[in-house]
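Bear in mind these aren't lab numbers, they're just calculated from the coordinates by the rules spelled out. What you are looking at is a predicted structure, and each value in this text was computed from that prediction instead of being measured. Cβ placement follows ideal geometry from the backbone for every residue including glycine, while neighbour counts extend to all protein chains displayed.
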Amino acid sequence: MARRHAPWAAANGSVADRPVPIPAGRLSVVSYGLPGLAAPGWSATMNRSLRSAREGVAFVAAAASACCLWAEVGESALPHLVSRDGRHALIVDGAPFLILGAQSHNSSAWPAMLPGVWTAVEAAQANTLEVPVYWEQFEPEQGTFDPSIVDQLLQGARERNVRLVLLWFGTWKNGSSHYLPMWMKHQPELCPLIIGRDGRRVDSPSPHSAALLEADIRAFSGLMRHLRQADPGHTVIMVQVENEPGSWNTVRDFSPAAQKLFAAPVPVELLTALGKEGRAGGDWTAVFGSDADEFFHAWSVARFIGQVAAAGKAEYALPLYVNAALRDPLARPAASSYESGGATDNVLDIWKTAAPAVDVLAPDIYMSDSARYMKVMDLYSRPDNALFVPETIGSVAGTRYCYAALARGAIGWSPFGVDGPRRGAGGAGTAQSGDAPLDPIAISFRVIGPMMREVAQWGFEGRLHAAVEEKDEQLQLLSLGRWQAAVAFGPPTFGFGRSPQGNPDPVGRVLVAQLGENEFMVTGYLCRVEFKVADPASGARRQFLRVEEGSYGGGAFRPSRIWNGDETDWGLNFGSAPQVLRVQLATY
Ligand code: DGJ
């Protein structure tokens, strides 16, 4: 079998030297030596290898042009994240990958439910299914792991050429511990609950329980070990550790054990990370004042999960993330009003310090107003954190935010509950005349899917811009260097002279990639895009050199026709069809 190595993988021999057999049906995928096959100390070697791989990627990517990077490297190595200039890419099969995701409902990862899940994934035209693995299902008897559902998911995904993100419903699920196996629930000493300020038990697991931590580590490690053996082709590309951890209805644990820790000095490691070295020796209240309760809980929860993640990663070093139930990003509410201890925007630094094995802190965005939606995405896009939206609204209006996420360089975006009624969902998507209505998610995914690799690379390079329709903002401007794109939302009108009317619901969207100073990829939905010179005082006027409709794939654009005449004289009009344009501009 021909092996084409990514330059950075070939450069660090220890990763690339140990091919493992490829299962039938995945012949084009090359994968490499895994911990179970290696000598002791493997994970340190692997971590070093991954580190140098990341550095190698940064170097190669800086030197390479957008198009040739993945064309040369082929498929390889473990999925991993790379970062450059404060932006990030998820590398899968040796190239940037975009998770165009679909998350199932909570109770769908059972054999009887899977046919419906796969149908929904296909309807959404998603390239990745996010689906839970339940602790109660994975370890039905203490110490006995049942990976059969994982194997079914792997098989189903491979048959459909879909990737998986597995969600470990372990100690925490939405702040509670309802997914613990029955044998644990029968032994409360293994899974103590936290105690509220009033001395009563709260329906949330204790992050201070060594027994619970040990049990979770054992089970999660078992899952990752199984993946390492069962998934050499990397159908699973990321794993979520726990689900929306933290606690509702109390800001922290007030048990005697927690009280003791709360009165102890804040760990020096955290003080250093927060630039508070001078406060060494101070307890949580002395250092953090009114934030002390929440910060202590965030540290405690993150510390626990960081250890679960590290243990899992030592078995199999896939990218790991933790999802967060959010707080209002604009109002700065009291911690008692949201899920305290989770990775909310105000404690990201604490989480990063306490849980370095967690690669990404990811917001579950169910906000339907744009100001909050955008603010959340800005808060979670950081040089030390890739933006990934693992859960969001799957309505027609909600799915317009997909483009806004891509323009921020997101590595993925995934509506929740695709296989049934969705929260906040409106009607089905707009149909082309005569066609069945589209699943709303498919409106964006059918356009982005075929050029997913290009879009992921453009996002990594900071080339993407988006506008999404607002009820009161039907005309928006995108700044594109010497050019401006004026985006008018509303069903396309034929001709000049009408101000933008807007769509009945704010569903319009446009995504622009700046490919060169004067060259763009443009795709839109129910809007009109007009390119203009940014500085009209220069006297220069815009002319189209060429506007081509076509498709991207494998690093190249394949035109199918040239737009001219009515198709360009009155702006570039996008209806509901999945049209992708390459636009070349000049002045006269
Ligand atoms: C957020 C959780 O992470 C999901 O598992 C699910 O419970 C949704 N909320 C339901 O809206």
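Just a few scattered comments:
- Here the Karplus curve 6.51 cos²θ - 1.76 cosθ + 1.60, taken at θ = phi - 60°, turns the phi angles of the stretch 175-187 into couplings of x, 10, 10, 6, 9, 5, x, 4, 4, 7, 4, 6, 10 Hz, with x standing for Gly and Pro.
- Gyration tensor (alpha-carbon) shape descriptor, the stretch 485-569, a/c threshold 1.5: oblate
- Put simply, the amide H of LEU81, placed in the peptide plane, has neighbours under 5 Å in ILE91, leaving out anything fewer than 5 places away on its chain.
- Which of THR392, THR587, THR353 has the fewest Cβ neighbours within 10 Å, and the rest in rising order: THR587, THR353, THR392
- Shape category assigned to the stretch 207-252 from the gyration tensor of Cα positions, a/c cut at 1.5: oblate
- Amide H within-cut-off set for THR587, under 5 Å, with H built and near neighbours excluded: GLN543
- Shape call, the stretch 438-548: gyration tensor on alpha carbons, a/c limit 1.5: oblate
- Charges were assigned to the Cβ only: +1 to each Lys and Arg, -1 to each Asp and Glu. The resulting dipole of the stretch 492-588 about its Cα centre is roughly 20 debye.
- Per residue, the average separation of C-alpha pairs within less than 8 Å and at least 6 apart gives the stretch 189-348 a relative contact order of 32 percent.
- Of all lysines in the structure, those lying under 30 Å Cα to Cα from LYS471, and not within fewer than 8 positions of it along the same chain, are LYS375, LYS532.
- Straight-line reach from LYS313: taking Cα to Cα under 17 Å and skipping same-chain neighbours fewer than 8 places apart, the aspartates and glutamates in range are GLU214, ASP216, ASP231, GLU242, ASP359.
- Ordered by the number of other Cβ atoms lying within 10 Å of each residue's own Cβ, fewest first, MET182, MET238, MET521, MET224 fall into the sequence MET182, MET521, MET224, MET238.
- Reachable lysines from LYS260, criterion Cα separation under 25 angstrom, eight or more residues apart if same chain: LYS276, LYS352
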